[in-house]
Amino acid sequence: MIINKLHKILFLFTMIFVMANGIFAQSDISSPYSRFGLGTMDKNRTNTIMQGMGGISNAMSDKYLLNNSNPASYAAMDSLTFLFDAGFYMKYVTYRTTDASEKGSNASFDYFDLGFGVTKWLKMGLGVAPYSNRAYSSTASFDFQYPYSIDYEGTGGLNKLYWASGFKIYKGFSLGFKLNYIFGNVTDETTLYYPDYIYFHNERRTINLNFSDLTFDLGLMYKQDLNKDYTLTFGATYGLPADMHAHRNVFIRTMFKGYGTSTETPIDTILYTKGEKVSVKYPQSIGAGFTFQKNERWLVGVDFNWSNWSAFTMNGVSDSLQNSWNIAVGGCYTPFNTTVSSYFRKVTYRAGFHYDQTFFNIYGTSINKYGVTFGLGLPIPRVMTSLNVAVEFGKMGTVKNNLIKESYFNISFGISLRDKWFVKRRYK
């Protein structure tokens, strides 16, 4: 029986890895801010359940919950239960400047997680999720003696494949660690062209970065039962700084035309390097939070997260980044969950709010973000499965200093499955 279960784990893990390369390698919806650093990132992105509560996660744990944000949470899982969680999302964005606006939309898979017990005190989890996204396209025009334009375009993104473990160490205390394998590639392309002069040489520079390295996260959690009904939980996380390594390909060439829909005619290669080593200083991060709950009826929680992105460098060169922080508040309520309750009294209702100072600082202006979230947990009768839905309304950025403000709407769908392990079924 154990061998069969291990075969299932290996099969699911292989499928997750294949999906990571085939699905998450695609770019998300474009954002002009993804030009900086490693692109737009959501290091603390959670599953659909916690997304509906503003993203609180540092102190979230339950025997049927997969929470990869704090690996110590895995210690609370039922040792005889196998858990699987997967998510899908859709995003709609309106971009605004002082004198123009544009809309965009996208849909994609979001994450795959699974968790299982190894012993009564040791639990593990595996999963994959998108980590960063590079997707932007803009043009700047200059009207001098010879008018010219510069096109900026970026594509790609990074993914995170992780293995986590959590274990209990003393009454109410648990520890956890997570090994993250960050992989993927991002491409930046800059094109200088003279649209009014067909005999001028245009120029294009393409830089492709390929990442493949490891990072580590640590987690701590303490759960205290105040009485038979109420529980207080404190959680903390620490993301270790890392010297990540990547390889860069640079290709600079001249050509005739090649702008708009015109055909590009190559002229000469100015520079071509392949496999150049790049050193990336990856910053440390700290998170803390607490939750207060009454049995399985309701829960409220608060999170705070901070990352030292001002220390980020690539080959010793910094970017337009600043230290980021995030605060989230959220909770959930289940009216009365018993076998004889009506269906809508078994539904879990969720809501939350978050405010972020992102790591982008453009022209001395901090790019901030905030969102309001709502969610539902919809149990499927007679099976150990539930569907989860989360929606978020939010804004990011500003129109000041010729910048761009994004107004977005996200809707996420998740499915949570569980099954009993090592329990021999008996039939009469």
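Once you sort the root eigenvalues of the Cα gyration tensor of region 233-320 as a ≥ b ≥ c, which label holds: rounded (a/c under 1.5), prolate (a/b larger than b/c) or oblate (the other case)?
Judged from the Cα gyration tensor, region 233-320 comes out prolate (a/c at least 1.5, a/b above b/c).
Write out the chymotrypsin sites (Phe, Trp or Tyr not before Pro) in region 51-157 meeting two conditions: DSSP loop, and at most 14 other Cβ atoms within 10 Å of their Cβ. Don't skip to the answer; put the middle values down first.
Working: sites: Tyr64, Tyr74, Phe82, Phe84, Phe88, Tyr89, Tyr92, Tyr95, Phe109, Tyr111, Phe112, Phe116, Trp121, Tyr131, Tyr136, Phe142, Phe144, Tyr148, Tyr152; in loops: Tyr64, Trp121, Phe144.
Hits after loop and neighbour filter: Trp121, Phe144.
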(message) Let's test the formula: R0 of 56 Å, r as the Cβ-Cβ distance of His245 and Ser105. What FRET efficiency results, to the nearest 0.05?
(response) 0.95
(request) Pick out, in residue order, every one of the chymotrypsin sites (Phe, Trp or Tyr not before Pro) in region 158-207 that is DSSP loop and has at most 16 other C-beta atoms within 10 Å; say none if there are none. (result) Tyr197, Tyr199, Phe200
(request) Could you pull out the trypsin sites (Lys or Arg not before Pro) across region 316-410 that fall in loop regions by DSSP (anything but H, G, I, E, B) with no more than 14 other Cβ atoms inside 10 Å? (result) Arg382
(message) Helix-only estimate, please: 222 nm mean residue ellipticity of the chain, summing -39500 (n - 2.57) across DSSP H runs of length 4 or more and dividing by its residues, to the nearest 500.
(response) -2000 deg cm²/dmol
(request) Give the whole-number value, in cubic angstrom per residue, of the convex hull volume spanned by the C-alpha atoms of the chain. (result) 169 Å³
(request) Indicate the gyration tensor shape class of region 153-194 (rounded, prolate or oblate), computed on the Cα atoms with a ≥ b ≥ c the square roots of the eigenvalues: a/c under 1.5 is rounded; otherwise a/b larger than b/c is prolate and the rest oblate. (result) prolate
(request) Indicate, rounded to the nearest 5 percent, the antiparallel portion of the DSSP beta bridges found entirely in region 276-428. (result) 100 percent
(message) What's the magnitude of the charge dipole for region 2-420 around its Cα centre, counting Lys and Arg as +1 and Asp and Glu as -1 at the beta-carbon? Answer in Debye, nearest 20.
(response) 1580 debye
(message) Output the 0 to 90 degree angle, nearest 10, between the alpha-carbon long axis of helix 2-22 and the longest principal axis computed from the alpha carbons of the chain.
(response) 20 degrees
(message) Using Cα-Cα distances under 8 Å and only pairs 6 or more residues apart, what relative contact order does the chain have, in percent?
(response) 17 percent
(request) Among Thr119, Thr358, Thr40, determine the one that fluctuates most according to a GNM of the chain built with springs between C-alpha atoms less than 10 Å apart. (result) Thr119
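FYI, it's all coordinate maths here, none of it is from the lab. Keep in mind that what you see is a predicted model, and the values were worked out from it rather than measured. Here Cβ is always computed from backbone atoms with ideal geometry, including for glycine, and neighbour counts include all displayed protein chains.
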